[in-house]
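Novice: Would you mind keeping the following structure in view while I ask a few things?
The values are calculated or read from the model by the stated rules, or taken from the named source; none is laboratory data. The model shown is predicted, which means the values in this text are computed figures rather than measured ones. Cβ coordinates were reconstructed from backbone atoms using ideal geometry, including for glycine residues, and neighbour counts include every protein chain displayed. Side chains included, ligands, DNA and RNA excluded: accessible areas come from the protein's heavy atoms. Shrake-Rupley method; radii C 1.70, N 1.55, O 1.52, S 1.80 Å.
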Number of protein chains: 2
Amino acid sequence: MLQPLKIYTDVIIKIILVGKLRNDFIKKGVEEYLKRIKTYSKIEIIDIPNLTHLPPPQALIREEELIKRHIKESHNIALDREGVPLTSYDLAIKIKSFYESSKDFCISFIIGGIFGLSENIKKNSDLVISLSKLTFTHEFALLILLEQIYRSFKIIKNEPYHY
Amino acid sequence: MLQPLKIYTDVIIKIILVGKLRNDFIKKGVEEYLKRIKTYSKIEIIDIPNLTHLPPPQALIREEELIKRHIKESHNIALDREGVPLTSYDLAIKIKSFYESSKDFCISFIIGGIFGLSENIKKNSDLVISLSKLTFTHEFALLILLEQIYRSFKIIKNEPYHY
């Protein structure tokens, strides 16, 4: 069992998402988990446009510039299929340790669009995690991540998980 | 690129799901992907009650009996966090090969409830796959699996994937 959470209220979780939400059921699920997570933490989603009209290398560079504006002075976790696969318990431990460190007041999860994330973003992140070996749309990655953040707080607080 | 699919119309995909769908956004997402998949294949979801009023070992035995009624004469794929992690492309190749084998006319994916699946179900399945090292609810597992089955058909048919 994890020890109770000590430092708490000043931390904000940011999710930097490249690409819009298109499917209504995803929008509804995202709303649902944001509401649930907000009983534990501040959280916000920052939309970055997916520049699909550009060739992938240029799009990645431009998207990188837009992402960088939001991840200064933040503990940054990039999502990438080739990243470190974590269990839900591992993720809870990571989130708890960020909350308890005095230096980080913002945790940013970065989800790439159709072209993924630039090598620079991955290289300069504090951690690159993988949700799965499967390929997900950015929308599915967001929904899964939110459910796992909610689950992390349930694990950290040792509360039962209600679907 | 995968070769075009040869044998097709007689195969049915069954998804055996232990536990009810509770969240509305999941129900909507499931409907959406069933509709999309049906342009490629017959598919049905079979609900098995999750016997949460029983102690886990007894529940698993009873759930196993109920599952077994539906998986005779079927190529069976159990889902388990400790199973083989597949990429979306690996899954597409598996599904394509089942479609092209003359002996299997039913592919069943088996998703456990809150207690997972019995050892017997896993041992007697043709394949045990893992969607992720993360723990998902049975509902999330279903939604992710459906999206991946849809994605598999897009890969098999070499069609662009529209979100």
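Novice: Tell me the distances, shortest first, between residue A:126 and the same position across the other copies, using label points 7 Å along Cα→Cβ, in nm to one decimal.
Specialist: In nanometres, ordered from closest: 4.6.
Novice: Could you give, in nm with one decimal, how far residue A:27 is from each other copy of that position, shortest first, with labels 7 Å out from Cα toward Cβ?
Specialist: So the distances to the same position in the other copies read 2.0 nm.
Novice: Using a label position 7 Å from Cα in the Cα→Cβ direction, what is the ascending list of nm distances from residue B:69 to the same site in the other copies?
Specialist: In ascending order, 5.9 nm.
Novice: As I understand it, the dipole of the range B:12-156 uses +1 on the Cβ of Lys and Arg and -1 on the Cβ of Asp and Glu, about the Cα centre. Which of B:138, B:59, B:33 lies farthest toward its positive end?
Specialist: B:33
Novice: Pick from B:85, B:49, B:57: which residue has the top mean-square fluctuation in a GNM of chain B where Cα pairs under 10 Å get a spring?
Specialist: Between B:85, B:49, B:57, it is B:57 that shows the largest mean-square fluctuation.
Novice: Once amide H atoms are built 1.01 Å from N in the peptide plane, which residues 5 or more positions from residue B:108, or in another chain, come under 5 Å H to H?
Specialist: Placed amide hydrogens put B:14, B:75, B:76, B:77 under 5 Å from residue B:108.
Novice: Mind listing, in residue-number order, the residues in the range A:26-58 that have at least 20 Å² less accessible area with every protein chain present than in their own chain alone (1.4 Å probe)?
Specialist: A:28, A:33
Novice: Using only helices, what value at 222 nm comes out for chain B when you add -39,500 (n - 2.57) per DSSP H run of length 4 or more and divide by the total residues, to the nearest 500 deg cm²/dmol?
Specialist: -12500 deg cm²/dmol
Novice: Can you work out the PRE-style zone for residue A:10? Point 7 Å along Cα to Cβ, and I want the residues of the range A:76-120 with backbone N under 13 Å.
Specialist: Backbone N within reach: A:99-106.
Novice: Would any residue of the range B:107-151 have its amide N under 17 Å from a label point 7 Å out along Cα→Cβ of residue B:58? List them or say none.
Specialist: Within reach of a label on residue B:58: B:115.
Novice: With the other protein chains left in place, how much accessible area per residue, in square angstrom, belongs to the range B:12-156 at a 1.4 angstrom probe? Can you show the working numbers first?
Specialist: Numbers: 6310 Å² over 145 residues.
So the range B:12-156 comes to 44 Å² accessible per residue, rounded to a whole number.
Novice: Using a 1.4 angstrom probe on the protein heavy atoms only, line up A:89, B:33 by accessible area, largest first. Can you show the working numbers first?
Specialist: Values: A:89 100, B:33 0 Å².
Ranking A:89, B:33 by accessible area, largest first, yields A:89, B:33.
Novice: Could you name every residue in the range B:74-102 that has 40 Å² or more less accessible surface in the full protein assembly than in its own chain alone (probe 1.4 Å, ligands and nucleic acids excluded)?
Specialist: Residues of the range B:74-102 that lose at least 40 Å² of accessible area once the other chains are added: B:87.
Novice: Going down the list A:38/B:28; A:94/A:123; B:42/B:123; B:27/B:123; A:28/B:94; A:35/B:154, which pairs span over 22 Å between their C-alpha atoms?
Specialist: A:38/B:28; B:42/B:123; B:27/B:123; A:28/B:94; A:35/B:154
Novice: Let me ask something else. Given points 7 Å out from each Cα along the Cα-Cβ axis, report the residue A:84 to residue B:31 separation in nanometres with one decimal.
Specialist: 4.2
Novice: Give the whole-number value, in cubic angstrom per residue, of the convex hull volume spanned by the C-alpha atoms of the range B:12-156.
Specialist: Residue-normalised Cα hull volume stands at 99 Å³.
Novice: Report in % the part of the accessible area of the protein assembly as shown that belongs to carbon and sulfur, leaving out ligands and nucleic acids; probe 1.4 Å.
Specialist: Roughly 53 percent of what the probe reaches on the protein assembly as shown is carbon or sulfur.
Novice: Would you mind giving the total buried accessible surface between chains A and B, with a 1.4 Å probe and ligands, DNA and RNA left out, rounded to the nearest 100 Å²?
Specialist: Roughly 2800 Å².
Novice: Something else now. Starting from the Kirkwood radius over alpha-carbon pairs of the protein assembly as shown, derive D by Stokes-Einstein at 25 °C in a medium of 0.890 mPa s and give it in µm² s⁻¹.
Specialist: Numbers: Rh = 20.9 Å.
My calculation gives 117 µm²/s for D.
Novice: For the range A:62-137, place one equal point scatterer on every Cα, skip the solvent, and apply the Debye formula. What is log10 of I(q)/I(0) at q = 0.17 Å⁻¹?
Specialist: For the requested q values the scattering log ratios are -0.67.
Novice: Restricting to DSSP loop positions (anything but H, G, I, E, B) with no more than 12 other Cβ atoms inside 10 Å of their own Cβ, which trypsin sites (Lys or Arg not before Pro) remain in the range B:63-163?
Specialist: Qualifying residues, ordered by number: B:69, B:72, B:103.
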